1. With (1) in contact (Cβ under 8 Å) with a residue 24 or more places away in the chain; (2) under 19 Å from residue 70 (Cα atoms) as the list, and residue 160 as the residue in question, which single condition is left unmet?
2. May I ask you to say which residue of 90, 68 is open to solvent by 70 Å² or more (accessible area, probe 1.4 Å) and assigned to a loop (DSSP other than H, G, I, E, B)?
3. Given the residues 111, 106, which is the only one that is open to solvent by less than 50 Å² (accessible area, probe 1.4 Å), in contact (Cβ under 8 Å) with a residue 40 or more places away in the chain and polar (S, T, N, Q)?
4. For residue 121, all conditions in the list (1) closer than 20 Å to residue 77 by Cα; (2) open to solvent by less than 50 Å² (accessible area, probe 1.4 Å); (3) at pLDDT 95 or above; (4) not hydrophobic (A, V, I, L, M, F, W, C) hold save one; what is the number of the exception?
5. Filter segment 124-144 for residues that are over 16 Å from residue 71 (Cβ atoms) and surrounded by 18 or more Cβ atoms within 10 Å (Cβ to Cβ) and give the result.
6. Going by the conditions given, is residue 128 in contact with a Ser or Thr (Cβ under 6 Å, 6 or more places away or on another chain), of a type in the set (A, V, I, L, M, F, W, C) and at pLDDT 95 or above?
7. For residue 167, all conditions in the list (1) assigned to a loop (DSSP other than H, G, I, E, B); (2) in contact with a Cys (Cβ under 9 Å, 6 or more places away or on another chain) hold save one; what is the number of the exception?
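The values are calculated or read from the model by the stated rules, or taken from the named source; none is laboratory data. In this text, all values refer to a predicted model and were calculated from it rather than measured experimentally. Methodologically, a virtual Cβ is constructed for each residue, glycine included, from the backbone with ideal geometry; neighbour enumeration extends over all protein chains shown. For the accessible areas, the whole protein counts, side chains as well, though only heavy atoms, and no ligand, DNA or RNA atoms are used. Shrake-Rupley method; radii C 1.70, N 1.55, O 1.52, S 1.80 Å.
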Amino acid sequence: MIGAVFGDEESSDDSDAAAPQPTSSSAAPKVTTPAPLATTTNAPATTTAVQPTTTTPAPAAAPATYASNPRCAPANQSLVDQVTAGFSESGLTLTNGTVIDAGEYTYVGGTTVDAAGRVENRSDVWVISDGAVYASTGGARNTTTWPKASSKLGISAGDPDVQAVDTCVVERTR
């Protein structure tokens, strides 16, 4: 009877034999689980190393220096829009916008391009004074309705600042 309640040694062996099977199968996944974690940790390190290489070329793509005159700078879009508002033909745009800020006068230069992408004038220059735009060079006078800078401001196309902006625009077209 004691053997029936507690079981004999052979019965214990059978129940012991049945018990280790789940323990063995549960031990196998614990060994497999850490291996993918180590592989996943290595992948982000490789991705992080590639990102700085992609960011490096961006600053090099914007050459904003002018060899002919260090006062020249790229014109902001609001100045370009102010000048192009006076174009006498629809479809004309101003590219290579360049500016020299000389105190009371802002000299804006650029390349006038038609709707088909053809260059109308390689370099034109306008003068802005107190928010008003004046055409300085011949191309600027011929393509816009702005008054002549020489008549209103006494600034001719031969003015040193007009010539400096003109040279900077030409430099950008090369």
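1. (1) is the only condition that residue 160 fails.
2. Numbers: 68 fails: open to solvent by 70 Å² or more (accessible area, probe 1.4 Å).
Criteria check complete, one pass: 90.
3. Every option except 111 fails the conditions.
4. Condition (3) is where residue 121 drops out.
5. 124, 126, 133, 134, 135, 136, 137, 139, 140, 141, 143, 144
6. So residue 128 fits the description; yes.
7. Residue 167 satisfies all of (1) assigned to a loop (DSSP other than H, G, I, E, B); (2) in contact with a Cys (Cβ under 9 Å, 6 or more places away or on another chain) except (1).
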